[in-house]
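Before any comments, here is the structure.
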Amino acid sequence: MSMFSTGILVLTSPLHTLPLRIAPVLSSAAQVVERTLYVHFHPGLNLGTSVGQPRPVFIPPVVDLSSLITGLYSNAANVCAHLDVRVLLTNVRAQPNNTTSPGTGVSGGAGNPFPSPQPLSHSPEVVLTDFALQDPGQSPLVAQCLQKYAGKCYVCKPGLVSVLLHPQLEKVDKVEEVRGSELEPMKTYSEVVVGGTFDRLHGAHKTLLNISCLLANKRFLIGVCDQDLLKKKVLKELIEPYALRVQHLREFLQDVKPSLQYEIVPLSDPFGPSIIDAQLECIVVSEETRKGGEAVNKKRLENGLPGLVLHEIQLLKDAHHTEIEEEKISSSSLRSRLLGTLLAEPKDMPHLPLVPYIIGLTGGSGSGKSSIARQLEALGAARIDSDQLGHETYRPGEVVYNRVLEEFGQDLINEDTTINRRALGLKVFGNKERLKALTDIVWPEIALRLKQRIQQAREEGKQVCVVDAAVLLEAGWTDIVHEVWVAVIPEEEAVSRIMARDGISQEDAVRRLQSQWCNARQVEQANVVLCTLWEPEITQRQVWKAWELLQKRIQQRLERAKPSS
């Protein structure tokens, strides 16, 4: 079976039978779809009839459906984490005078939820189903019905392919089929609110958003954390920009339930409009955020507004979490998994030789970049220490030595004729013009020496060269490296390390950090990011991963450079 980029999975099994079936169904679907998998519920849909074409109907929001959505996203995280799974709810709506379809356990309301096919962000190329064939000879008829059904509901790619997953699901344990037809209805509300960071939408976010869409009949207000609320987040530098997070939210929600009125607002405090909006009726929380929901209600009462109904959802367990990650599915865990990977494609550097491949490694004071450089050296890279080269330029008789004395005065000379670097620092500290005058003298000379050392590494046959340089970005040395790697550490940790290492006060340590580019600014220029916040062995694993992926990139580059025969 060939792979398709985007597919839609039509689930026809009764809701109470799906929890045991959903993992193998998703696993089978993942063998056909490689990027986006939409999920459409129609319990009891009969695709095997030759009498009339089955049509979409409304199904009511019931508690079983809420539980099933939670289980579906949890299973998706375990068995097909690479897929962007999205549960669609256009046909889920509370309807008056519902009638129960025999044998389904779900009532179907009158009317058509799809007066015209709904466009999706990614048009499906294949439609899949768990429909159970009574007779193998039915297969062509079912495939044809499935294609027509999907086309009535959603705008699909021309030449839509049908795939019946049932033959791959024979090992599913038999579940109890006997059950009352009445399912517990889910209470819904006119207007619902949630808040969160929504960085890199994952299964837990999608569960929260889907269940909120189930609960909301008219308006859904989403507060997205920004600015001060991000300051204490783990690896905050890797959080997607606010505009990008909102874009992903809008796309997801428009796919899930386009009939709702969506309002997305930035949160610069924990409450946002939830404590002043009189129209809101319900706030969706988890066990972890329930206290936040209670705090919202306390503020609402102080403001003369009625409290919100707190609807609590389950946290999703992360079966793949490591010792530095949370047990639940979380954005911080996803960010930690980005460490050592390629975040941005390297720029084309045709003026640089193929070998050695040059890594520019930088990071703020206390970030641990030099320890990372030494680990890369142990793996076989040639390490070039720009600080050491900088010290060499200040030696008596060197060009920098003479020019610094001309520019900043002969009073900088020590008794042994060396330059008093501390006194020089006092002359330029806090004075941007004088600091620039110094760096204009020193940086070009260091750059010349870097190029000489790189050439030396090339002559020694080194495949990789690591330029360990704190000022790599400020000095504009990115034109002599193929990739920029950045070591980051939270500012509080960096301050503690600098104080312990250099024996200086907290105030001086903070001042030193503030004189450098901040983490976020450096990460904007990074191809790869590493973090030394945790135990050394965890940093080492990041470095090993980064090195392994680097070797693959270098090999691919060399392959592309080979002349075609």
For region 473-526, enumerate the residues that are charged (D, E, K, R) and touching a Pro at 6+ places or on another chain (Cβ under 9 Å). 483
Would you please name the residue that is nearest to residue 71 (Cα to Cα), looking only at residues in region 285-335 that are out of contact with any Asp or Glu (no Cβ under 6 Å at 6 or more places or on another chain), in contact (Cβ under 8 Å) with a residue 24 or more places away in the chain and small (Gly, Ala, Ser)? 319
Name the residue, out of 425, 476, that is surrounded by fewer than 18 Cβ atoms within 10 Å (Cβ to Cβ), within 21 Å of residue 346 (Cβ to Cβ) and not hydroxyl-bearing (Ser, Thr, Tyr). 476
Scan (1) at pLDDT 95 or above; (2) touching a helix residue (DSSP H, G or I) at 6+ places or on another chain (Cβ under 8 Å); (3) in a loop (DSSP other than H, G, I, E, B) for the single condition residue 504 breaks and write down its number. (1)
Residue check, residue 5 against (1) farther than 22 Å from residue 140 by Cα; (2) in contact with a Gly (Cβ under 9 Å, 6 or more places away or on another chain); (3) of a type in the set (S, T, N, Q), all met but one. Which one? (2)
Looking across region 518-535 at residues that are without any contact (Cβ under 8 Å) to a residue 60 or more places away in the chain and assigned to a helix (DSSP H, G or I), the single one that is least open to solvent (accessible area, probe 1.4 Å) is 521
Subset of region 193-251, residues of a type in the set (S, T, N, Q), farther than 24 Å from residue 314 by Cα and at pLDDT 95 or above, comes to 247
Hey, among the residues in region 428-446 that are hydrophobic (A, V, I, L, M, F, W, C) and under 14 Å from residue 394 (Cα atoms), which one's surrounded by the most Cβ atoms within 10 Å (Cβ to Cβ)? 446
Restricting to region 301-335, and then to whatever is surrounded by 17 or more Cβ atoms within 10 Å (Cβ to Cβ) and β-branched (Val, Ile, Thr), can you tell me which residue is modelled with the highest pLDDT? 313
Of those in region 479-517 that are more than 23 Å from residue 239 (Cβ to Cβ) and within 28 Å of the chain's Cα centre (by Cα), the residue surrounded by the most Cβ atoms within 10 Å (Cβ to Cβ) is 481
Restricting attention to region 507-516, report how many residues are outside any helix (DSSP H, G or I) and basic (Lys, Arg). 0
Could we say that residue 418 is hydroxyl-bearing (Ser, Thr, Tyr), closer than 24 Å to residue 472 by Cα and either in contact (Cβ under 8 Å) with a residue 60 or more places away in the chain or surrounded by fewer than 16 Cβ atoms within 10 Å (Cβ to Cβ) (or both) here? no
Of the candidates 46, 98, the one satisfying the condition of being under 30 Å from residue 189 (Cα atoms) and modelled with pLDDT under 95 is 98
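The values are calculated or read from the model by the stated rules, or taken from the named source; none is laboratory data. Note that the structure is a prediction, hence the values are computed from the model and not measured. Glycine also receives a Cβ, built like all others from the backbone with ideal geometry; neighbour counts cover every protein chain displayed. Ligands, DNA and RNA are stripped out before the accessible areas are found, and what is left, the full protein with its side chains, is counted by its heavy atoms. Shrake-Rupley method; radii C 1.70, N 1.55, O 1.52, S 1.80 Å.
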